[in-house]
Amino acid sequence: MTVLIITYSNDNDSIPLVIKAIESQGEKAFRFDTDRYPTEVKLDIYQGETERIIITDGEQQLDLSEVSSVWYRRMRYGERIPDTMDKQYKEASIQESRATVRGMIASLPGFHLDQMSNVERTHNKQLQLQVARKLGLLTPRTLTTNNPAAVKQFAGDCHQQGIVTKMLSSFAIFGEQGEQFFVFTSPVTDEDLENLEGLRFCPMTFQENIPKALELRITIVGHRVFTAAVDSQSCDGANYDWRKQGRALKDAWKPYDLTEDIEKKLLQMMANFGLNYGAIDMIVTPDGQYVFLEINPVGEFFWLEIFSPHFPISQAIAEILLTGKN
């Protein structure tokens with residue numbers, strides 16, 4: 001039994017954690033770093049009277065007929081194609097590499113954690129909020145727009161608690177020296193409301209600012225629910241987005257008991273999206289209400305295992321990959 005793990009070279013500690021958990025069960029894991037394809041890793045897909053797919057990575061080779069399950073993690077197609085290549089040809093090479101890898105994944109039988117189509121559907125955050133509300137979960141009032149007048153109206157509607165802004169997609173901006181700047185959830189000031197011209201180039205998402213007693217990260221693997229809580233308001237700089245102070249808060253996460261009702265609704269959401277894995281962010285308000293923010297179908301978990309509260313999430317992922325059952 002072999003598990004194919006599709007990731008990239010600089011992915012975090014979650015990969016070796018899961019590989020170790022798989023190998024502890026006496027089974028094999030094969031790591032496919034997509035950033036090293038097609039420059040270093042070879043992929044042969046033969047289709048005729050018979051079918052055969054071979055991945056070759058240096059001295060390692062895998063016949064994908066041996067693969068029993070796939071962990072679909074992170075993609076960095078063609079990232080090592082040199083910048084000296086003509087821009088048009090490089091883009092074409094990346095797109096062809098992407099189509100080849102995704103076609104290979106889609107053609108593989110066996111258990112997928114999770115199906116690409118389910119992962120991609122879940123990434124639509126407007127749909128997430130819609131599904132959450134239908135399931136009876138509280139969500140923040142949210143506006144996504146490229147219209148400054150709509151933002152000012154929304155800010156007026158939420159004037160008591162204020163509003164924050166965030167992006168629907170995950171990305172970083174790089175400075176002239178190559179320094180990396182991540183885009184975090186940020187408060188919207190009165191000055192910001194008078195300088196919204198940039199919306200004509202890029203829409204943004206605005207939400208009412210929900211007061212926080214605790215922030216929850218709920219990691220679901222199959223039917224196992226691992227819930228951790230952190231008091232982000234106790235750390236300077238983490239008031240609007242705990243990720244800005246992620247390192248400072250790494251030992252501050254504590255196990256948390258979700259109510260049976262909320263846990264049931266979150267499992268229903270997972271079923272709605274056809275997911276076996278999801279990382280969910282929620283807020284517990286000072287008056288004890290639970291507010292759903294989002295679900296990430298490929299969200300991170302490693303810090304909750306390496307640091308407090310030391311949840312055995314990689315073991316749970318390995319078990320579902322090896323059994324194909326949740």
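The values are calculated or read from the model by the stated rules, or taken from the named source; none is laboratory data. Source: prediction; values computed, not measured. Cβ coordinates were reconstructed from backbone atoms using ideal geometry, including for glycine residues, and neighbour counts include every protein chain displayed.
Observations on the model:
- Whichever residue in the stretch 99-127 is of a type in the set (D, E, K, R) and surrounded by fewer than 17 Cβ atoms within 10 Å (Cβ to Cβ) and, among such residues, is farthest from residue 166 (Cα to Cα): 102
- Flag for residue 36 being of a type in the set (D, E, K, R) and in contact (Cβ under 8 Å) with a residue 40 or more places away in the chain: yes
- Any hit, the stretch 268-277, residues being hydrophobic (A, V, I, L, M, F, W, C) and free of Cβ contacts under 8 Å to residues at least 60 places away in the same chain: yes
- In the stretch 1-39, of all residues being at pLDDT below 95 and among the charged types (D, E, K, R), the one that is surrounded by the fewest Cβ atoms within 10 Å (Cβ to Cβ) corresponds to 13.
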